[in-house]
Amino acid sequence: MKFLLVANWKMNPETKKEAKNLFDLIKKGLKNVKNTEVVICAPFPFISILNPRPKILKLGAQNCFWEKSGPFTGEISTLMLKDLNCQYVILGHSERRRYLGETDEMINKKLKAALKANLKPILCIGETEQEKRAGKTKKVLISQLKNAFNRLATKWLSRLIIAYEPVWAIGTGNSCGLEEAKRIYLFLRNLLQDENSSHPIPILYGGSVNSENARDYIEKAGFQGLLIGGASLDPQEFTKTVALLESLKKSEK
Ligand code: PGA
């Protein structure tokens, strides 16, 4: 299994020109990438201008709607994303849960729609600072996973990706401590009960990842990849992180 490095550009940059420039600089900075799948999740208006790309760069979106078409003003369907050559879609990001009122039920519908459309969903889960302080981290993660997986056929699980993103670590510079990250990784791995499967679900870490701490989340905490926000807008920093992952000996997982 390759490492997965996902860039979440969020609502950045401001113009098509800047987006294209950023994409091209990342593309240029990727050398001999063999063991890492690099996914760029740009804002919707920029996705179509990010072609062509070398095989190693994949495109993703930051959200989608659960219906295929129809009167859903402002929404984007999975079919539209497929048409733009997207292979991945981030779902349930904490910023969408918080600012757009996304519920577990909505995320469950989006997850099913994305899987049916042959997209690979990156499902974000994570506790808030308040939940962490109250000792509710595991409870929150179990509930988010259980609700997202509601009535999901097991055949879909092999295409799913989970991103553990503690909300308190996102964009704060306060990344999750390694011991804690490792504990959560093992907890999630155990919860997913897919140790014996030939396609274990990749679990990514996200939350203030940069080229300084990236390696440890893979090597020491055991994650299969990373979801990077702020640091993915700096092409040097981002490509340095790809190179770091490439230099790691691939785990057998
Ligand atoms: P960050 O964001 O790397 O800026 O903390 C991560 C994310 O929200 O996916």
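The values are calculated or read from the model by the stated rules, or taken from the named source; none is laboratory data. Predicted, not measured: the structure shown is a model, and the values here were computed from it. No Cβ is skipped: glycine too gets one built from the backbone with ideal geometry, and neighbour counts run over all protein chains shown.
Below is a table of values for the structure above.
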| read-out | value |
| --- | --- |
| Qualifying residue in segment 158-165 (condition: basic (Lys, Arg) and touching a residue at least 60 places away in the same chain (Cβ under 8 Å)) | no |
| Segment 40-94 - residue that is hydroxyl-bearing (Ser, Thr, Tyr) and surrounded by 19 or more Cβ atoms within 10 Å (Cβ to Cβ) and, of those, nearest to Ala231 (Cα to Cα) | Ser94 |
| Subset of segment 138-174 [under 16 Å from the mean Cα position of the chain (by Cα), surrounded by fewer than 20 Cβ atoms within 10 Å (Cβ to Cβ) and assigned to a loop (DSSP other than H, G, I, E, B)] | Gly171 |
| Subset of segment 172-200 (residues that are among the aliphatic types (A, V, I, L, M) and at pLDDT below 95) | Leu191, Leu192 |
| Pairs where the first residue, in segment 125-150, is under 23 Å from Ile201 (Cβ atoms) and touching a residue at least 60 places away in the same chain (Cβ under 8 Å) and the second is of a type in the set (A, V, I, L, M, F, W, C) and surrounded by 15 or more Cβ atoms within 10 Å (Cβ to Cβ), C-beta under 6 Å, 6+ apart | Gly126/Val167 |
| Members of segment 175-223 that are in contact with a Gly (Cβ under 7 Å, 6 or more places away or on another chain), in a loop (DSSP other than H, G, I, E, B) and without any contact (Cβ under 8 Å) to a residue 60 or more places away in the chain | Ser175, Cys176, Ser208 |
| Tally of residues being part of a helix (DSSP H, G or I) and surrounded by 17 or more Cβ atoms within 10 Å (Cβ to Cβ) across segment 110-137 | 9 |
| Segment 196-219 - residue that is in contact with a helix residue (DSSP H, G or I) (Cβ under 7 Å, 6 or more places away or on another chain) and away from the ligand (no atom under 16 Å from the Cβ) and, of those, nearest to Ala7 (Cα to Cα) | Ile201 |
| Positions within segment 178-223 being within 22 Å of Phe149 (Cβ to Cβ), out of contact with any Pro (no Cβ under 9 Å at 6 or more places or on another chain), hydrophobic (A, V, I, L, M, F, W, C) and surrounded by 19 or more Cβ atoms within 10 Å (Cβ to Cβ), in sequence order | Leu188, Ile203, Leu204 |
